[in-house]
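Trainee: To start, I am sharing the structure in question, which I have written as structure tokens.
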Amino acid sequence: MTRPVRATGAVSAHGLPRSDPSVDALSDALRQTIAQHWTRRVTSELQVSYSFEALLPRLRVLDADATVLAMVARSATEEQRHAELCLHLANVYAGRRVDVPPVPFALPSFGFDDEHLEVALHIAGLCCINETMATAYLEHSLALATAPIAVAAHRAHLREEVDHARLGWAHLASPAVSDETRAALARCVPRLLDANVPLWERPDAFLPSAGVPDHGLPSHADCVRVARAAVNELVLPGFRHVRVPVGAWRNALPGRD
């Protein structure tokens, strides 16, 4: 599945400026580095959009709650807009039109015959873990940002990302997910975290380790701290709240006794 992203269009609905004096004040080298970061983010946002699109018909077959179905459909469109937002930022920081390669996509299988569990695992990983952690990251990024374009971008992104996390918890709490599926899911959550959290803790391939806080780009140390806090203060309590009986996940706190 591949689709081009428009360089303009829906991005203007976010109210992002087309230029920013605080961007102009950066060195050319740092501007290009930030542009590369946002270009990579275009790809990740599109992959999330495609994931929502792929899950929607499977949720319909499982008689998922109508509100959840509507949220999934809306989230696919919103993630497309987020990709456009990231591309707009890449263009502004680069000072030119940035090309983004096609993004091939296929939703992976967890290898279970039970479709209810397969879909629950995808929803748990995509929404309850990744989108919840993304919300925490964006909230922190917004708190750091002073550059007008970064403030506007993070505010627009965060406003919609919150609902993408909520839809995951809503599905797991709904009658469409049985207690047996919740129990099976709980046994898989540690592996989901083992797969997903390191991606949040990995140093950014383009940004300096200190980040560029004024432009809403936290340091690597901050990213690690926010990721671990999100797991322990939001993700794990969230699973317990929707009756997925997970325990502690010590890997989220390396060095802890």
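Trainee: In this structure, does Arg41 turn out to be open to solvent by less than 40 Å² (accessible area, probe 1.4 Å), farther than 30 Å from Asp179 by Cβ, among the basic types (Lys, Arg) and touching a helix residue (DSSP H, G or I) at 6+ places or on another chain (Cβ under 9 Å)?
Mentor: yes
Trainee: Whether any residue in the stretch 236-244 is farther than 25 Å from Ala70 by Cβ and touching a helix residue (DSSP H, G or I) at 6+ places or on another chain (Cβ under 7 Å) is what I want to check.
Mentor: Pass one, the stretch 236-244, residues farther than 25 Å from Ala70 by Cβ: 236-237, 240.
Subset that is touching a helix residue (DSSP H, G or I) at 6+ places or on another chain (Cβ under 7 Å): none.
No: the stretch 236-244 contains no residue that is farther than 25 Å from Ala70 by Cβ and touching a helix residue (DSSP H, G or I) at 6+ places or on another chain (Cβ under 7 Å).
Trainee: Here are some conditions: (1) assigned to a helix (DSSP H, G or I); (2) under 30 Å from Ser178 (Cβ atoms); (3) open to solvent by 40 Å² or more (accessible area, probe 1.4 Å); (4) among the charged types (D, E, K, R). Glu79 meets all but one. Which one does it not meet?
Mentor: For Glu79, the failing item is (3).
Trainee: Run Phe112 past the list (1) of a type outside the set (Lys, Arg); (2) more than 19 Å from the chain's Cα centre (by Cα); (3) open to solvent by less than 20 Å² (accessible area, probe 1.4 Å) and report the number of the one that doesn't hold.
Mentor: (3)
Trainee: Something else: For Ala153, indicate whether it is without any contact (Cβ under 8 Å) to a residue 40 or more places away in the chain, out of contact with any Pro (no Cβ under 9 Å at 6 or more places or on another chain) and closer than 20 Å to Gln47 by Cβ. Full working, then the answer.
Mentor: Working: without any contact (Cβ under 8 Å) to a residue 40 or more places away in the chain: no; out of contact with any Pro (no Cβ under 9 Å at 6 or more places or on another chain): yes; closer than 20 Å to Gln47 by Cβ: yes.
No; evaluated as a whole, the condition is false for this residue.
Trainee: Please verify whether Ser209 is loosely packed, with under 14 Cβ neighbours inside 10 Å, over 16 Å from the mean Cα position of the chain (by Cα) and without any contact (Cβ under 8 Å) to a residue 24 or more places away in the chain, treating the condition exactly as stated.
Mentor: yes
The values are calculated or read from the model by the stated rules, or taken from the named source; none is laboratory data. Quick caveat: nothing in here was measured; it's all calculated off a predicted structure. Because the Cβ atoms are built from the backbone with ideal geometry, glycine has one as well, and the counts that use them run over all protein chains shown. For the accessible areas, the whole protein counts, side chains as well, though only heavy atoms, and no ligand, DNA or RNA atoms are used. Shrake-Rupley method; radii C 1.70, N 1.55, O 1.52, S 1.80 Å.
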